[in-house]
Amino acid sequence: MARSGRRDAARERAAEERRRQEQQRRRRRTLTIVAASVAAVVVAGGVTAGVLVGATPGAPDVGRTTAPPWSAPTDVGARVRAAGLTMLTAEGTALHTHQHLTITVDGTAVPVPADLGIDEAAQQLSAIHTHDTSGVIHVESPEIRAFHLGQVFTEWNVRLAPSTVGPYVNGKDGVVLAVFVNQRRYSGDPRKIALTRHEDIDFVVTHGRAPVAPPKFDWPAGL
């Protein structure tokens, strides 16, 4: 790529990141206003409620097994509860990390949907959510605790199990499925992959070809 082309691409990435951050700031302001209103009602009624329940590292072997793409579910609250979480009225600040998730099938990327774990109508969101289709997972929790990949797929309502993602099962119908964490092959239960800072998680599905780990994700400034 010519130097001018690289500069243009870099400017476009920077502009896109500024737009994403502004969208996130607007959402945070709205959620904060809603949270303040809810808090006032709770205090007035003398009600005390917990924020989150225990994490669920290994979600059950359930979820969509149809061919991708897989949209974000509309029953957001139900999916979040199934993941062992509760809906929040504001993004948490005690724990704030990001991961990058990709799924490719024979070289074609499967999009991770925007607003996963976010209920715009109710102005609520999960501690685990997405803001766009970049594949960046946001973990923004009001308390420090463990979160796992199984919870992401439970919110997404896509089947995840050992050697399995969606309809793809390693060794079945010619499928070769590999999971990579930070460019290294992962052989354990993918539902139990802990979500840690700037972690690359890649599912590579092929038919007859040896899977290859994607390159390291280039994290935008500010994430």
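We did not get these values from a lab; they are worked out from the coordinates using the rules stated. Predicted, not measured: the structure shown is a model, and the values here were computed from it. Don't worry about glycine lacking a Cβ; one is built from the backbone with ideal geometry, like all the others, and counts go over all protein chains shown.
Observations on the structure shown:
- Among 209, 191, a tally of other beta-carbon atoms within 10 Å of each Cβ gives an order, fewest to most, of 209, 191.
- Ordering 76, 105 from the fewest to the most neighbouring beta carbons within 10 Å gives 105, 76.
- Here the range 170-205 and the range 75-105 have alpha carbon centers that stand 19 Å from each other.
- With neighbour counts taken as other beta-carbon atoms within 10 Å, the residues 97, 154, 133 rank, fewest first, as 133, 97, 154.
- A cut-off of 5 Å between modelled amide H atoms, ignoring neighbours fewer than 5 places along the same chain, links residue 147 with 195.
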